[in-house]
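Here is the structure we will look at, set down as structure tokens.
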Amino acid sequence: MPVTPGQAETERHRAGENGPVPAAQRLGGIAVFPAPLPAILAAAAPVGWSIPSLIAPRGGTGTIGGIMNFLNNMMGVVAPVTTGYVVGATKSFTDAFLIAGVVLIVGIAAYLVLLGNLVPIPDPPANGAVTSAPAQGA
């Protein structure tokens, strides 16, 4: 049976002839295990987007949702730039993926631990009424 160049390269890596074996080949099936996790996170995303409507004062859901959307989109700008710097410095995507995984795990942990009880932001006073006590001496 003929051997393709890719198969020959893989066999040389397995034999250790071309230096260390890449992590993806050493780990094999372990890399496939977390494959369903993005689907689980995507299914949970609508729950996160319901938070502005739960905490915003009357008429403020759009503002809070917009701030949340802005910050999420800024991470979409920061992530590729950070990945580029890491890949440029290490000449490998391994560290970039590890950093992304750590950020994801820290984010999930923060969401679970820090979110706590959702308390709505009180509505602003009607007719511009001041709710605080007047200053002393006024």
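Inside the range 69-126, residues that are closer than 30 Å to Gly59 by Cα and of a type in the set (D, E, K, R) make up a count of 1.
Taking each residue of the range 60-87 that is closer than 16 Å to Trp49 by Cβ and assigned to a helix (DSSP H, G or I) and looking for partners that are of a type in the set (Gly, Ala, Ser) and at pLDDT below 90 with beta-carbon atoms closer than 7 Å, six or more apart or interchain, yields Thr61/Ser53; Ile64/Ala56. Being β-branched (Val, Ile, Thr), surrounded by 10 or more Cβ atoms within 10 Å (Cβ to Cβ), at pLDDT below 90 and under 26 Å from Leu41 (Cα atoms) is not true of Ile121. Checked against (1) assigned to a helix (DSSP H, G or I); (2) modelled with pLDDT of 85 or more, Ser92 passes all but a single condition, namely (1).
The values are calculated or read from the model by the stated rules, or taken from the named source; none is laboratory data. Predicted model only: the values in this text are computed from it and were never measured. FYI the Cβ positions are ideal-geometry reconstructions off the backbone, even for glycines, and counts take in every protein chain you see.
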